[in-house]
Every structure is written in C-alpha cells, then in structure tokens.
1. Given a Förster distance of 60 Å, report the FRET efficiency between A:K841 and A:D596 from their Cβ-Cβ distance, rounded to the nearest 0.05.
2. Please list, ordered by chain and number, the residues whose modelled amide H lies under 5 Å from the amide H of A:Y39; skip anything fewer than 5 residues away on the same chain.
3. Hey, if you put +1 on the Cβ of every Lys and Arg and -1 on every Asp and Glu Cβ in chain A, which of A:I723, A:Y60, A:F10 ends up farthest toward the positive end of that dipole?
4. So, counting K/R as plus one and D/E as minus one, what does the shell of residues with Cβ under 10 Å around A:I749 add up to?
5. For region A:425-554, what is the Kirkwood estimate of the hydrodynamic radius, computed as the reciprocal of the mean inverse distance between distinct Cα atoms, to one decimal in Å?
6. Under a Cβ-Cβ cut-off of 9 Å, what is the net charge of the residues other than A:F466 that fall near it, where Lys and Arg count +1 and Asp and Glu count -1?
7. How would you classify chain A from its alpha-carbon gyration tensor, with a ≥ b ≥ c the square roots of the eigenvalues: rounded for a/c under 1.5, else prolate if a/b is greater than b/c, otherwise oblate?
8. Using the Cα centre as the reference, give the magnitude of the dipole from point charges on the C-beta atoms of chain A (Lys, Arg: +1; Asp, Glu: -1; all else neutral), rounded to the nearest 20 debye.
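Laboratory data are not the source of any read-out in this text; all were calculated from the coordinates shown. Not measured: the values here are computed from a predicted model. Neighbour counts run over all protein chains shown; Cβ positions are idealised from the backbone, glycine included.
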Amino acid sequence: MSREMNDRYFPQEIEKKWQQIWDETNLYHAEMNEDKPKYYFMDMFAYPSGDLHWGHIRNYTIGDVVARYKRHCGYNVMHPTGFDAFGLPAENAAIKRKVHPRDWTMMNIANMQKQFRAMGYGYDWQRSVVTCQPDYFKWNQWFFIQLFKKGLAYKKRSAVNWCPDCQTALANEQVVDGICERCEHPVVKRMMEQWYFRITEYAERLLAGHDNISWPDDIVAMQKNWIGKSQGVEFAWKINGHDKAFRVFTTRPDTVYGVTFMVLAPEHPLVDEITTSEQISEVQKLRSEVAKLSEIDRAATDLEKKGAFTGAHAVNPMNGELVPIYIANYVMMDYGTGAIMAVPAHDQRDFEFARKYDIPVTIVIAPEGTDLDAFKMTAAFVAEGNMVNSAEFDGMPSDDGWEKIADKMEETEIGNRTINYRLRDWCISRQRYWGTPIPMLYCEKCGIVPVPDEQLPVLLPDDIEFTGSGQSPLTTSESFMNTTCPNCGGHARRDADTMDTFMDSSWYFLRYCSPQVEDKPFNPEDIKYWMPVDMYVGGREHATMHLIYARFFTMALHDMGLVDFDEPFTRLFNQGIVTAGGKKMSKRSGAVPPNDVVNDYGADAARIFIMFMAPAGERAEWGIDPATGKPYTVPPGIEGIARFLNRIWRMVALNKAVYRLEWRDSIEVLEMGPLERALRRKTHQTIIKVTHDIERMQFNTVIAAMMELLNEISSFSPDSNDIYADVNVPWSEAIEMLLRMLSPFAPHIVCEIFDILGIDGDMPYLPWPTGDVKVAANESLEIPIQVNGKLRSKLVVPVGIDKDTMQELALNDDSVKKYIEGVSIVKIIVVPGKLVNIVVK
RNA sequence: GGGUGAGUGGCGAAAUUGGCAGACGCGCCAGACUUAGGAUCUGGUUCCUCACGGAUUGGGGGUUCAAGUCCCCCCUCGCCCACCA
C-alpha cells in the first residue's frame, strides 16, 4: 500500500504532478447539488497586466485556503476565477508596441493562468469568465439596452478631462496631478455628450442595504461618505431688477439672516445674463482662469479663494435685504444647485472669502454665554448656539431655528426641505477602443436607437488606427461607424465610445453561475442556487467604485425582475496590501512575481509564507533587500517555512512504517501514559484553535499553531521497532490531523504524503477534523501568583481547584512568603483558573 | 479639514471577554554531528545590571487588586475622501 519515499522533500516534482492530476480529473469543478449546502466563494478577478505579483498571491491564497477549508467542511463550494480583460493598459501597449490589444491581453491571460496553476489554486476553470470576449460583453450591451429602456441610462452633456495636446478625452485614471499621463500637458475640462447610469436614484437603497450585509465597518463608512447624504433646504433667490431667480441648497437654513453675499459657480448659466457691463472683464478673467485648472487642482482645499463681483444683487427672501452676487472658484457647478448663500460668520470658506474681498460679516448664531465680534473674529463660528439678528427667531437654539425657518420657507412657498447626495450619476462613456462598444445608433430621422437584440454583440472592428491622438479610436473605422437604422432603414452612425470597464465587473459573479449559456446572460435556476456570493475577498481600493457599482447593478436587475435579491455579496473581506519599503506593491512600483520563490521553494512554501507573514487583513511589509536596494525576490523568512515543510516530510519519511490507518479504532479506548495524553491533548487543542482562527480569517496564527503541534510531535518518540505499540496510536492521530489541517494551505505536500501513507485519495473532500473538547482539556494549570500586581511565583495546580485551596497554596509558597512577611495583607484576589493577586501594604 | 486603521524586541509578529507581555517564525550567539556545506539537531536570545533586582507595549494623565487591552489629552504613520454649500 505504502510506496517508497525519498528522505528529502522535492516540492517541484510533487507539485507539478498533483497540479496535473487536479486538472485532468477536473477536481475543483462544482455543479449544483441540492444535497449539500452551497458556498459561493469569490475573489476579485485580476486585470491581465502581465505577471502576478505578491499582492495578487496574498489575495488569491486567502481565497484558495477558505474555499478548500469550506470544501473540507462539507460545503458544495464554487470557486471560480476570470479576467477583467478590457481596459486602458492594453491600448497603451498597442500604441507603444504595435500589437493588437486583444493579442497583448490574451498573451497576458495565458501567462497568468500558468502562474495560477503553478500556485496550486483550485479554481473551477470551466466557469472562467474573460470580459473581452464577445460571449461576455454581448450581455453588457444587452443590459445597457435594458437600462436604457427603463430610463436608467441617459445621455447628457457634461465636462470631461480633455488633453489639448493629444486632442482626446482622458479617463480620470489617465490624469495624474492634473497632467496628461501620456504627453505631460495640463488637462482641461471640455463639454461632451456622454452616457450616464442613474445610480443617484438608488442612493437611498444603497444606504439602506448596508444593514443587510456583513461588511467591514470601514468599507460601509466609506460608501456612506461617498454617497454623502445631507439634509437641507433648497430655496429661491430673486435677482434685483431682473425677473430671474436662482435656487440655492443649504444645510444651514438657521443662518439665512446672516447672508451677506451670494456665490454662483463660474460655469453657472445665469452668469452671462446678470453680469453688468462694468464687471464683464473681471468675471471673464476669473472664468478662464478656472477653466484652465484641472479638476484635481480645482478641488484642492488649499487653493486660494478667488472671486469676481457680477455687479448684480440678490434679494434675501426672508428679510428683503439686497446682497451682492459673486462668482468664485470654490463653488462647484455639479453639487447642489451650483449656487450658494454665503454666511461668512458661520462658514469658514465664506469667511475667508469675505475677509479677502472686504464683505461684511453678520453674526446670527451666538455661542452659549459669550458674544462674538464680527470685526475681530479670525475664524467662522460653525457650532450650534442661540439665534440672534434673526427677526422672530431670535433667542431660539439654532437647531430649533433650523426647523422653524424651514417650516416658514415651506409655508410661504419660498422653498422646501430636500436631501442632497454627493453621489453623481455613473458616467459610462469612454473615448477608448478596448472596451464594450455602446450599442446605440444615431439615425438622422429616428434619433437615438438601440441596436436590436438579434444584432448583438456589436463587435470591435479591427480596421482602426491607434494613433494615440484625435478622437475615439472607433471613429477611424468607417466600416464600424456607418450602419443602417433598424427602424427606418436609413443611414445611421454608431456610438463611437465604449463602456467603462466597471460595467464588466458589475455582474461577472452572475455569469460565473452560468458561464456557457448562450441565449441569456445567466440561467435563473443557477442564480437561484448559487447566489448571493457568500464571501467576497479583495482590496479596499474598490470600496467606493466597483463595490457600489455592483450593488447598484444588482438592485437595477432586481427591479427588472431578473434576479430576486438585491445585495450580491453577503460577506466581504478585505485583505491588506503588500508593501515594499512602505509603498504599495504594484506593477508601477516594482512588483515582485512569485516565480523565484516558487521555483526555489515550491508553491506550498510560497502560500504558507504569504499567509504567515502578517494578519490577512493588515498591511504586510515585504522588505527591501539591502544588497540591491530593491524588494527581495526571495525574502529571508521563507527559510522558516521551507524548514517547517521539510521537517514534516522527514518526520513521515523516517516513521512511515509507524503510521497506521487503524489508529481510529483504538484511540478512544486506549490506556495512555502522560506523554501520550499530552500529545493527544495538543492535537485536539490545535484542531480547536486552527478551526476557530480560520473562521475569523486569522491565518498567521493558524500556521503558528500548526508549527507548535509539529514541535510537540517532534519531541515525541514513536516506537519503530514495534509498529503495533500503543504509543504509535496517538502519534498517528497527531501526524494525520496536522496534515489534514495543513491541506488548505499546502495541498500538494499533503496529497503526496496521504498518497504515500495510503490515506483516502479523495483528499480535497476529506471531512475537516473535529476537536474533542474533553481530550483538549488541560489536567493541570500553571497559575501566576502576584504580590501587588507583580509576578512573584507560579504554582502548578489541578484544573478545578477551589478558591480557598488556591489562596492557601499561594500564601504558603516560599517565594511569595518573603514578600508578605512584615506587611499587612489588604486583600487577596483569586481568579479561578487565572491567577492569585495578594495586595499588601 | 472629514472618515478610518495602526504604533509591542534587531526584524515579521502573538496576546477573543482587562488577568504571566513577546507565542510562532526570521536573524543572531553558543554547542553537537560532520576532515568549514548556506544541511540537520540541541540550548540561548526584550532592555539595563557582574549580581540582587529593576524597567518595558509611541508620549502624558486616569479608572482598577490588575491595563498592550477601558477612559481623557497629545505625537507619529498608513489608507480613503476632500472648497459638498
């Protein structure tokens, strides 16, 4: 049964062999099975950038460990993977290396798949999704049209980042510190027609949904912050001498009597109409200055506040006062109404502006007990207080005033309470080639027409030029752009833009459930069985983009009746980043691929190393090699892991004959000596700790616990002369249990050893061991004895000893005695099973 | 500025509810076996002190018999958001 075993451990041969067996037997493919509870585990799929690095390895090893663990626990586990294959780098590579983005992408995918396999990840490759393939993005287009039909996709003119040198629109990611990534010219804003998804309509549900999912608090906080709900009042201001009015939004209606000026965003449409002829040049000067700024500079808090007077005045609807109207660089067109009422006494930005332009400051909220001096104050008073200078509202606490003034505005129909969100609609259009073509046509007669279902997918043309300048690359393909209107048969042009790649990642978890189905995006039965995703693992950087978009998308599908849940991911876990020299390891900052470690020490060692080096949720510092000044290609700590695996291997190799499958039959009834009992106790204590720590995603301590067990087994001597000796029974249990716990972390070595020992070949599905609490219970305890909180002695006592006996033993302990002689004992604290503390004076 | 996480030996770190600070591992030191191999095994390793002993979880205060852990103030670092009206 048992076969030959080399004394030395050669991971390379073993690992290749098992990877091939797993592939050939399709071992990790999951099918629906109503007899088992399902577990849908997903990690965030990778962008095929070329090589995996240790950031990926950390993410995907966590995933593989949890998926394997859940499989051992009896779940029907689906653990798929795929590639987020559209995106900008492929296009840049195309321009730079004269290679088609598709070829570059597919080459990288092939390489990364090889690396995934070499790590021994148990993916269900049959369910793989590659987003740049037509059978996937066809459904992006179909969903887009469904959203359009529901009124959730719409077209709007809006400002985009524009590089005047490249003559092209840029994605936000291409704008680095206000500079075009490619040509290093400053980026400006330009108005363009773009497609948007109405995510703002789901703001309230996105907030409410947080209650139904168990996600980390910080991610929920980030999303809430991003959605940015604020309650306030929106009300109208008339312009003096005009029939025009404009609306402002404020969260501080209680300060309305303190308004001393108004500010419009420089882009506000009313500016042209109200600016007086004397002020035109000044206003135009500021407008062009602001237009030149990039969005990033514009939004910088430390940007000097600048404004220009329009020459017009507005009428305060509450008291009829006239206040000047300015434009200023600190008011944004795309939040609220693009206009604000300015209360310098109680808003810091307004205060700075008022001081600079010599605008009066009127105090309307007085802090409790003191008076403010409008001339002397050096900062706005933003807290609550009592209303002053506010007509009939004087004397009220400001929070009451808030409500009363809002009531009055509603009664007099000046304005009403509203809620504003920071969240903006999701801009889907990208002036890029390597993405999903937007399936919309523009007919001269019929206007905007969606591509009919039977013409999907709209494929990407190959007769395009990657010049890196001019318009969206698709416009260079005449064969793509010109088509026929499905309504009237006349000439139509296609939308030249492609979709944001966040569209691709908003539903890939649904496609994993039905990867091959052709006539719909997924089968309802598959979704019903597998969804929602039980655990989703990935980086925190996706907190406010991908993870909001995917939730919105699922809610929208729910409302269309396509799915019957509205939260896609029940549980979320964020692994920490891998840093090198304190900076995040990424392709740009010198990422280290796993190849050297895998080649030298094997995938099992690589997997354990990355799990052992830091708690999974926290930052892990990879380390800089002092010899090169660069991140280690092979970090020194890997030696410890290699030793650990080597010791396990040698222990089995040297004692192979001692291991007997039949240990199970006798372990419960055997009379054991203290050494045997101690080993068995440690085995079961380890099972309990390991299980508990895997459940709480604390893998570093899991590995430490297994190392401790190995140390315990190492110091235990089995009897190799008599393989039937009783001592070999707990030894066999210990070694088998260690291996079974190790298997999610180091599956290759465990498969190999199990095969050698003749343990069931269906290893990945072997049940997870259960720790016996009774066996794990200690027989005696070492109790610290403190005097005044200082450790003075230790006592070994039997478990369950009563308080009085313990106190007695402590007081009679020789090394304690010298600290309590000649002083009076104030108090004795005895915590059963924990400690004794004698307080003396 | 807002949010959020963190700060423990030479290094990575451990310590579910307040109860022996430093588990486990790296590195280092000593030894064993080897006729120097970066293999393996054994012992040691927070700091100060020859020692007795003392100090110690970023700093300072507090609560408690007892604080890395709870409370208050401060410092430093990471990440996310950021003139949001």
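1. Working: r = 64 Å, r/R0 = 1.06.
The calculated FRET efficiency here is 0.40.
2. A:N76, A:V77, A:M78
3. A:F10
4. Numbers: positive: none; negative: A:E15, A:D604, A:E752.
Around A:I749, the charge tally is -3.
5. Working: mean 1/r = 0.0588 Å⁻¹.
About 17.0 Å, per the Kirkwood formula over Cα pairs.
6. On the way: positive: A:K98; negative: A:E91, A:E465.
Counting the neighbours of A:F466, the net charge comes to -1.
7. oblate
8. On the way: 90 positive and 116 negative charges, 262 e Å.
Roughly 1260 debye for chain A.
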